[in-house]
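**Student:** Here's a structure for you.
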Amino acid sequence: MATNIPPHNLSETVEACLYQLHHPDCSIEDLIRLVPAPDFPTGGIIFGISDVHQGYRTGRGRVVMRARVHYEEFGRDRTRIVVDEIPYMVNKRVMYEKMHELMREKKIEGIAEMRDESSEKIRICIDLKQGAMPEVVLNNLYKQTQMQESFGMNMVALVDGQPTLLNLQQIIIHFLSHRREVVTRRTLFRLGKYRAQGHLLEGQAVALSNLDEFIRIIRGAKTPAEAAVALYSRGWPMVFAEELANRSVEEMHRYYPEDMDPTRGIQADGLYYLTKVQIDNILAMSLRRLTGLEQDKVRADYAAMLRLITDCLDILARPERVNAIISEELQSIRTEYGDERRSTIDLMGDPNFDKRDLIPRRDMVVTISRGGYIKSQELSDYNAQTRGGKGRKVQEMTKDDEVEELFIANTHDIILCFSTAGRVYPIDVFELPEGKSSARGRPIVNLLPLEDEEKISFILPIQGYDDEHFVFMVTDRGIVKKTPLSAFRNARLKGLIATILEEGESLVGVAITNGQCDALVFSDAGKCVRFDENDVRSMGRNSHGVRGIRLDDGQKAIALIVCDNQVDENTRFVLTATENGYGKRTPLSEYSRHGRGTKGLISICTSERNGRVVSAVLTEEHDEVMMLSTGGKVVRTEAAQISVVGRNTQGVKLIDLGEGEDTLASLRRIHGATEDASEEEVDDEAVKEDDAQNMSETD
């Protein structure tokens, strides 16, 4: 029965052995946490660990290995894929030839050139054509070449001479049992040697302690045999080792060789009886051993040998000493030979893995330009400013591009991207490219599989899918629609139909409702209609909707606000903003309910100064708002700094657009913000004068 056990990291393996040694009742899951996956000497990436852990639990599994790569930018917006490490037991030349063959036969598109620049280290360069998506090319290489290989785990080992399939814990237990046997047998071997050496030193100590009597007997004997018989036939005083006088005869016999005659050595009469081995060794002693220094050395060596024998006997008598020795030796091996893991683990290959578990929660500012560039940046990068400030750039823009959308989302949120084709595409916030204020972002077409001429018209952050909430949508033609949020649960990266749009129609508002909300639909003419969301029946995704607000020719709907009809309306304010940077706050209570499909009531007065309405949001007293211009600048200010006035007014200046700058693009609410730091101050007196003038003007 063949065995195929992958190599592992020495440090991790030792750690698991030590844990099992000190926690004999631990579970296999405890050990898996310490040994998460194999570690191959060629490095690479282990793609997914569910099958690996299955192998650890059962003895049979699979390790998916991938080559490690990195991207390099070169030329004009071109990308190079560089292979740095390859899977275990893969021949680099064979793999490279297969990759080259697929490139020549056009079975993998997007590759312009391929080179093997390897020396001592592997470096295979894959230059992509301009416009090719690196992720797509790399996935095709993984799929069709040995850049991705599998290692079949079959953990079979001989147990008592029989091939046995073992899980991770059983292997470690058998290994520790083997180490106990090794330590025990090694200690027994050393104990035998120490006893033999101590036995001879003991005989020499007896002779040196009774030196005069030994010399008299030896000189009086005619032959060595006669001297040996005389020495053997009598006992000798134990003046050589007074520390042994308090030990019993039975205890002293534990220090003697196992094959020694029990009638020899220390006996009950207190005398020591030499063995033949000792007598032969004494008769062979040289005369220099009779010097005083040599006698002291013999006694010291004998005492040291007794301590070694005592230590060996203690190891054999106490299992905890054996465990301590095993632990010390394993730690010594880890210290001398342990190293860092070479194969990294990519949990994205695990079907049960949720990437959000590894992502810290952060509030992000997400922006998308009209040209389709999207990026995210931490909300904490934007300090609060006073109303009327000039703001700071949120996204770098080209001459023909402008920021179109901005919103706040958490990294654990999901973004539903609604397109001009009436489809919805989900994407996680943490997967969006991060950048600083000077960064332009990344084309959204590289993140979502959009069709030709299809663009993202609206984006909505959500925290999950359920049956209690609805997606409420409004188009620029005043059409409203309500669809259960659970209907979008099966949305995948390739997209899903969200609504049916007529030619030239686009979404201007999408929000989440709970079935007990009021909807406020705003037009660019400054009108607003408020109605109960239950006036709109729940519809499926493949439907167009019903009329929400009646519009005159040339008018269009521009914003949607949903609010819980159970809240205190005197603490909520509708903030409306016009394209020339003016706006105001009005209590929500001033917006009375009307029937769906009517023209509604005045929300803000439009004029040549104000321009048309571009945005409306619902705020509270402690909120902040972010205002975004089409030129890419953003102002973050406290909502409380914006004056509260009635509906039929023009409002005050919200943002200083400056000469030659484009119009206000959008307005977004920051819930419960508390930061009050300023990046750019403005003249407070000028702002007060401006407020006094603007608030006095009415239509």
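**Student:** Could you please find all residues in the stretch 606-620 being outside any strand (DSSP E or B) and in contact with a strand residue (DSSP E or B) (Cβ under 8 Å, 6 or more places away or on another chain)? Before the answer, list the steps.
**Tutor:** Filtering the stretch 606-620 down to residues outside any strand (DSSP E or B) leaves 606, 608-610, 612, 620.
Scanning the stretch 606-620 gives Thr606, Arg609, Asn610, Arg612, Glu620.
**Student:** Being in a loop (DSSP other than H, G, I, E, B) and at pLDDT 90 or above narrows it down to one of Ile108, Ile122, Ile81, so name that one.
**Tutor:** The match here is Ile122.
**Student:** Listed residues Thr606, Thr598, Thr619, Thr630; which is in contact (Cβ under 8 Å) with a residue 12 or more places away in the chain, of a type in the set (S, T, N, Q) and in contact with a Gly (Cβ under 7 Å, 6 or more places away or on another chain)? Even if it seems obvious, please write down each step before you answer.
**Tutor:** On the way: Thr598 fails: in contact with a Gly (Cβ under 7 Å, 6 or more places away or on another chain); Thr619 fails: in contact with a Gly (Cβ under 7 Å, 6 or more places away or on another chain); Thr630 fails: in contact with a Gly (Cβ under 7 Å, 6 or more places away or on another chain).
When all the criteria are applied, what remains is Thr606.
**Student:** Sticking with this one: Considering only the stretch 413-441, state which residues are among the basic types (Lys, Arg) and surrounded by fewer than 16 Cβ atoms within 10 Å (Cβ to Cβ). Step through it out loud before you land on a result.
**Tutor:** Taking the stretch 413-441 as the starting set, the residues that turn out to be among the basic types (Lys, Arg) are 423, 436, 440.
Passing the criteria: only Lys436.
**Student:** Out of (1) among the hydroxyl-bearing types (Ser, Thr, Tyr); (2) within 17 Å of Phe407 (Cβ to Cβ); (3) surrounded by fewer than 22 Cβ atoms within 10 Å (Cβ to Cβ), what's the single condition that is false for Ser643?
**Tutor:** Of the numbered conditions (1) among the hydroxyl-bearing types (Ser, Thr, Tyr); (2) within 17 Å of Phe407 (Cβ to Cβ); (3) surrounded by fewer than 22 Cβ atoms within 10 Å (Cβ to Cβ), the odd one out for Ser643 is (2).
**Student:** State the number of residues belonging to the stretch 490-539 that are of a type in the set (Lys, Arg) and either assigned to a strand (DSSP E or B) or in contact with a Gly (Cβ under 8 Å, 6 or more places away or on another chain) (or both).
**Tutor:** So the first thing to find is which residues in the stretch 490-539 are of a type in the set (Lys, Arg), and the list is 492, 494, 527, 530, 537.
Still in the running and either assigned to a strand (DSSP E or B) or in contact with a Gly (Cβ under 8 Å, 6 or more places away or on another chain) (or both): 527, 530.
Qualifying residue count, the stretch 490-539: 2.
**Student:** Let me ask you something else. (1) in contact with an Asp or Glu (Cβ under 6 Å, 6 or more places away or on another chain); (2) in the same structural domain as Arg254 (by TED's automatic domain parsing); (3) not aromatic (Phe, Trp, Tyr): which one isn't true of Arg341, the others all being true?
**Tutor:** The failed condition is (2).
**Student:** Follow-up. Could you pull out the residue among Val137, Val159, Val206 that is modelled with pLDDT under 95 and in contact with a His (Cβ under 8 Å, 6 or more places away or on another chain)? I'd like the intermediate steps shown before the answer.
**Tutor:** On the way: Val137 fails: in contact with a His (Cβ under 8 Å, 6 or more places away or on another chain); Val206 fails: in contact with a His (Cβ under 8 Å, 6 or more places away or on another chain).
One residue alone meets the criteria, Val159.
**Student:** Picking from Arg299, Arg321, which residue would you name as being assigned to a helix (DSSP H, G or I) and farther than 30 Å from Arg179 by Cα? Spell out the reasoning first.
**Tutor:** Numbers: Arg321 fails: farther than 30 Å from Arg179 by Cα.
Going through Arg299, Arg321 in turn, just one is assigned to a helix (DSSP H, G or I) and farther than 30 Å from Arg179 by Cα: Arg299.
**Student:** Counting only residues that are crowded, with 16+ Cβ neighbours inside 10 Å and either at pLDDT 75 or above or more than 29 Å from Val69 (Cα to Cα) (or both), how many does the stretch 347-369 have? Show your work before the answer.
**Tutor:** Of the stretch 347-369, the ones crowded, with 16+ Cβ neighbours inside 10 Å are 347, 349-350, 362-369.
Narrowing further to those that are either at pLDDT 75 or above or more than 29 Å from Val69 (Cα to Cα) (or both): 347, 362-369.
Going through the stretch 347-369 one residue at a time, the tally reaches 9.
**Student:** If you don't mind, another one. Go through the stretch 115-164 and count every residue that is of a type in the set (Asp, Glu) and in contact with a Cys (Cβ under 9 Å, 6 or more places away or on another chain).
**Tutor:** Our first condition is that a residue be of a type in the set (Asp, Glu); within the stretch 115-164, this holds for 116-117, 120, 127, 135, 149, 160.
From what's left, in contact with a Cys (Cβ under 9 Å, 6 or more places away or on another chain): 116-117.
The total comes to 2.
The values are calculated or read from the model by the stated rules, or taken from the named source; none is laboratory data. Treat the numbers as computed from the prediction; the structure is a model and nothing was measured. Note that we place each Cβ from the backbone using ideal geometry, even for glycine, and neighbour counts take in every protein chain shown.
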